[in-house]
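A short write-up of the structure that comes next.
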Amino acid sequence: MKQIKLEETFEELGARTALAGSFAWQMVSGITAMCYREKGEASLVEIWRRLLSSEQKERFVEALDKLQIRDNPPAVTAAYYHYFSNSIGGLNMQVIVESDRKAWIRYMAPWGSYPGIAALAVPPAVRRTILSTWHPRNGELLNCPRLGWVATKFVADGHPYDEGYFYEYDHDLRPEERFRVEHVSQSPEFIPENAPKLDPEVWPEERVLKGGYNYSVDYVRHVIAILYEILGVFEANQVIQMAMRLLGAQFTADLAQKTGFTGNAPADVAGMLHGIFAAFRNPVSLEASEGEATVVLDGLVPFTDQADPELRESVFEFVKMVVRQRNGHLSVARSFDVATLQERWTIKDEGRWLW
């Protein structure tokens, strides 16, 4: 039986958080894209509106001290917050401070959510919602009613990046004045050497990696909770089930490469699943014998820490698709102990083609 390691080297931490972050964003992108396919643009926009609002409520104020940016002018503080927090989360960011009252940020392509060609199918309303939900509230959260947010470029509109600036006006702003769109043909150049840096004593590389990991896990947890709020348990799990199936079909080969389990025997497939869920620090072990292997999970991060029978069944759709993708001779069965919250996924070679 192989248990998850309690301690890890820096190289192991980097590999683990990279795998976890990649898988988590595939889940966020896949689940929200499936909601768009099944429920339409309005539902997708509402998910991102609520998602950004919930993340902001939890993160913003306490992060000002963690990032050591509270003492800057409001426009600079707001820009630095988005630059640092999203950079830690794995996004490619740029920041330019034009003055104490005006500071620019850019979200460079490719997007963390909707990677690859999926970005071409996302309606422009999504990015406009994202950039008009969180950023205009920065002034309120910083107790500066003069601070507004101006969006200047959108990738979804054919621009090279999402861009805008925080600006401190001479007067207090009404809520409807805190956000506006102003397309500009030219904006300041980003000079990497001039960009702010996190204090390496406070933010060593290990903390940055762990921060990015937590960032991605939070998004999975919140997007599922919001889907439940909008659609209810039954319809939400219909969306999640289909997303998990298609994600399994699309990304199994890639995940096999990333985990190092490229064979198609029961132990190989179980090893791949073990690697994915161990990356999220779940207590997970592997039992293997001739022609059979079992993954034993005492947690289901990033999806849930609760019983959630419907959600757990939905996540298992991913497992079933992974097994079928790797070998059409393999079956997989699930058992779940409600008292201990332990999952057991048993993969068996049936010696014949099953499909």
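The values are calculated or read from the model by the stated rules, or taken from the named source; none is laboratory data. Predicted model, so just to flag it, every value in this text is computed and none were measured. All Cβ positions, even for glycine, are placed from backbone atoms using ideal geometry, and neighbour counts span all protein chains on display. Just so you know, the surface numbers come from the protein's heavy atoms only, side chains and all, with ligands and any DNA or RNA stripped out. Shrake-Rupley method; radii C 1.70, N 1.55, O 1.52, S 1.80 Å.
With only Cα atoms counted, the range 191-286 has Rg and Dmax values of 18.3, 53 Å.
Over the chain, dividing the summed -39,500 (n - 2.57) contributions of all DSSP H runs of at least 4 residues by the number of residues returns a 222 nm mean residue ellipticity of -16500 deg cm²/dmol.
Cα centroids of the range 202-246 and the range 82-156: 20 Å apart. Under Stokes-Einstein, with the Kirkwood radius over Cα pairs as Rh, the value for the range 52-186 at 37 °C and 0.692 mPa s is 218 µm²/s. The accessible area of T294, taken with all protein chains in place and a 1.4 Å probe, comes to roughly 10 Å².
Packing, as the average of other Cβ atoms within 10 Å across residues, places the peptides 214-225, 113-124 in the order 214-225, 113-124, highest first. Dimensions of the chain from C-alpha coordinates, computed as largest minus smallest value along each principal axis and given longest first, are 74, 46, 38 Å. Within the same chain, aspartates and glutamates fewer than 8 places from K258 are excluded, and of the rest, those with a Cα less than 14 Å from its Cα are E12, D268. Couplings 3J(HN,Hα) of the range 227-237, computed from phi: 4, 4, 5, 7, 9, x, 4, 5, 5, 4, 6 Hz, in residue order, whole Hz [Karplus 6.51 cos²θ - 1.76 cosθ + 1.60, θ = phi - 60°; x for Gly and Pro]. Taking all Cα pairs closer than 8 Å and separated by 6 or more residues, the relative contact order of the range 239-355 comes to 28 percent.
Hull volume per residue, based on the alpha-carbon atoms of the range 239-355 and their convex hull, is 94 Å³. When the chain is described by a simple charge dipole with +1 on each Lys and Arg Cβ and -1 on each Asp and Glu Cβ, the residue from W203, Y80, V295 located farthest towards its positive end is V295. Normalising by the residue count of the range 5-126, find the relative contact order in percent from Cα pairs under 8 Å and 6+ residues apart. Normalised by residue count, the contact order of the range 5-126 is 21 percent.
When the surface is traced with a 1.4 Å probe over the full set of protein chains, W355 keeps roughly 140 Å² accessible. Over the chain, Cα pairs under 8 Å with separation of 6+ residues give a relative contact order of 19 percent.
Taking V202, V296, V323 in turn, the Gaussian network model of the chain (Cα-Cα springs below 10 Å) assigns the largest fluctuation to V202.
Using a 1.4 Å probe and counting only protein heavy atoms, arrange T262, T152 so the residue with the most accessible area comes first.
Output order, biggest surface exposure first: T262, T152.
In a GNM of the chain with a 10 Å cut-off on Cα contacts, which of R174, R49, R281 has the highest mean-square fluctuation? Looking only at R174, R49, R281, the biggest GNM fluctuation is shown by R174. Using the structure shown, select from K66/K102; K102/K153; K39/K320 the pairs with a Cα to Cα distance greater than 28 angstrom. Violating the 28 Å limit, Cα to Cα: no pairs. Ligands, DNA and RNA left out, the accessible area of the chain computed with a 1.4 Å probe is 51% carbon and sulfur.
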